[in-house]
Amino acid sequence: MTQDELKQAVALAAIDYITPKLTRDSVIGVGTGSTAKYFIDGLANLKGEFAGAVASSEASAQQLEKLGIEVYELNQVSELLVYVDGADESNDQLELIKGGGAALTREKIVTAVSREFVCIADESKWVKVLGDFPLPVEVIPMARSYVARELVKMGGNPVYREGVVTDNDCVILDVHGLKMVDPRKWESDINQIAGVVTNGLFARRGADVLLLGTADGVKTIKPKY
Ligand code: 5RP
């Protein structure tokens with residue numbers, strides 16, 4: 001199976017996973033990226049079985065609207081039944097690196113409001129130690145150089161993602177060279193740098209379940225504590 005077929009398979013598995021949980025009043029969280037796109041396509045078949053969705057990016061909101069699915073502002077809802085989104089890396093505790101699509105801050109906020117976070121990913125994202133994928137850090141534009149210098153002091157090699165402006169009018173530094181054996185500490189430490197909006201580590205609040213697309217089928221993985 002190609003990587004794209006694995007992404008489609010996990011998106012379909014997520015549709016099957018959430019369907020029995022939905023009620024007509026449910027509002028769900030919907031992520032960003034190519035795997036999330038397949039999931040949103042699948043939601044078209046569930047129209048009418050849930051109230052609508054909060055999207056973690058303008059791009060996903062537009063895709064939902066095109067399919068005729070009601071898009072809510074997060075401030076309109078107090079809780080999301082479930083959040084379904086991809087990841088750039090996951091370890092066996094379901095601590096993640098996210099933000100390859102530059103939507104990390106909204107993704108983290110939507111995660112925080114969701115009762116359950118279902119991560120969908122193909123097997124290339126499964127790692128022992130987080131950090132081969134450069135860690136995205138969203139930064140207030142005027143703080144870009146300062147934050148980059150601080151990240152170098154922490155042992156990273158930050159690279160400015162040129163030409164990318166986030167949905168929050170901020171910029172992204174992709175930090176190479178960090179091998180994160182303690183992702184929760186890295187998440188907190190990097191967030192302490194003045195000018196950082198947030199970083200793409202989802203460790204303090206990781207996924208509750210991972211649907212991982214493999215050559216042997218979709219595996220359902222729970223965090224290993
Ligand atoms: C976007 C993300 C995505 O979930 C992550 O980059 C994975 O993307 P894809 O499904 O295209 O592989 O965090 O900010």
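The values are calculated or read from the model by the stated rules, or taken from the named source; none is laboratory data. Treat the numbers as computed from the prediction; the structure is a model and nothing was measured. Counting neighbours? That spans all protein chains shown, and the Cβs are built from the backbone with ideal geometry, glycine included. Surface accessibility is based on the protein's heavy atoms, side chains included, excluding ligands, DNA and RNA. Shrake-Rupley method; radii C 1.70, N 1.55, O 1.52, S 1.80 Å.
Observations on the structure shown:
- Among beta bridges identified by DSSP and lying wholly in the chain, the antiparallel ones come to about 55 percent.
- DSSP beta bridge pairing in segment 112-225, given as percent antiparallel to the nearest 5: 80
- Scattering from segment 88-214 was approximated by placing one identical point on each alpha carbon and applying the Debye formula without solvent; log10 I(q)/I(0) at 0.14, 0.15, 0.19 1/Å stands at -0.55, -0.64, -1.02.
- Packing rank of 42-51, 136-145, where each peptide gets the mean count of other beta carbons within 10 Å, highest leading: 136-145, 42-51
- Charge dipole magnitude, Cβ of K and R +1, D and E -1 - segment 55-151, Cα centre, debye nearest 20: 300
- Cβ-placed point charges (K, R +1; D, E -1), dipole of the chain about Cα centre in debye, nearest 20: 500
- Just so you know, the averaged projected area of the alpha carbon convex hull for the chain sits at 11.9 nm².
- Principal axis dimensions, largest first and in whole angstrom, of segment 49-95 by Cα: 36, 23, 22
- Averaging Cα coordinates gives a centre for segment 188-203 and one for segment 24-83; these two points are 26 Å apart.
- Computed as a quarter of the hull surface, the mean projected area of the alpha carbon convex hull for segment 162-225 stands at 6.8 nm².
- For segment 19-61, the C-alpha radius of gyration sits at 1.10 times the compact-globule guess of 2.2 N^0.38 Å, with N the residue count.
- Rg and Dmax of segment 1-96, Cα atoms only, in Å: 13.1, 41
- Å² per residue, accessible surface of segment 71-225 at 1.4 Å: 46
- Rounded percent of accessible protein surface that carbon and sulfur make up, the chain, 1.4 Å probe: 49
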